[in-house]
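K.L.:
After the structure tokens below, expect a handful of questions from me.
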């Protein structure tokens, strides 16, 4: 039962928070203070909401597809695909108008149906490369 509740909570964060920008829907998903393990992100619910709001300003059409989700005991692992169009400032870069598709991996630990720890790994290198802000991979060298 707890794993089902945890996956529903995770899905609500993705669909309501990231997908619709409904930040109030996150209040029941996190305690006021939780541990965030993603580089540069604050470990408070208010900070997490600011991160999502900033992402949605930069990428108004941001959407995540949950490609795979596994729940066991107090953890949920998800492999997702994120897509969108870079239309506002992001990571210090001005809007490029370019679209992107990247992989995102998330792990969440739950207590009493709420996310108390989060590890997020978006493929930022692929994002920057697709936006033209990072050179592409070097050509393969034949032996």
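K.L.:
Taking the highest mean first, how do the peptides 78-90, 24-36 order by number of other beta carbon atoms within 10 angstrom per residue? Show your work: numbers first, answer last.
P.N.:
Numbers: 78-90: 17.5, 24-36: 14.5.
The densest-packed peptide leads the list: 78-90, 24-36.
K.L.:
Any chance you could give the angle, 0 to 90 degrees and rounded to 10, that helix 2-12 forms with the longest Cα principal axis of the chain?
P.N.:
50
K.L.:
Over the chain, what is the relative contact order in percent, taking alpha-carbon pairs closer than 8 angstrom and at least six residues apart?
P.N.:
Details: 264 pairs, mean separation 31.6, N = 143.
Once normalised by length, the contact order is 22 percent.
K.L.:
Right, another one. Mind listing P(r) for the chain? All alpha-carbon pairs, 5 Å bins, whole percents.
P.N.:
Values per bin, smallest distances first: 2, 10, 18, 22, 20, 12, 8, 5, 2, 1, 1, 0.
K.L.:
Can you tell me the 0 to 90 degree angle between the C-alpha axis of helix 45-58 and the longest principal axis of the chain, rounded to 10?
P.N.:
30
K.L.:
Using just the helices of the chain, give the 222 nm mean residue ellipticity in deg cm²/dmol: DSSP H runs with n ≥ 4 each add -39,500 (n - 2.57), and the total is spread over all residues, rounded to 500. Spell out each step's value before the answer.
P.N.:
Values: 3 runs with 32 residues, N = 143.
After summing the helix terms and dividing by residue count, I get -6500 deg cm²/dmol.
Every number here is computed from the coordinates shown, using simple stated rules; none is lab data. Keep in mind that what you see is a predicted model, and the values were worked out from it rather than measured. Cβ coordinates were reconstructed from backbone atoms using ideal geometry, including for glycine residues, and neighbour counts include every protein chain displayed.
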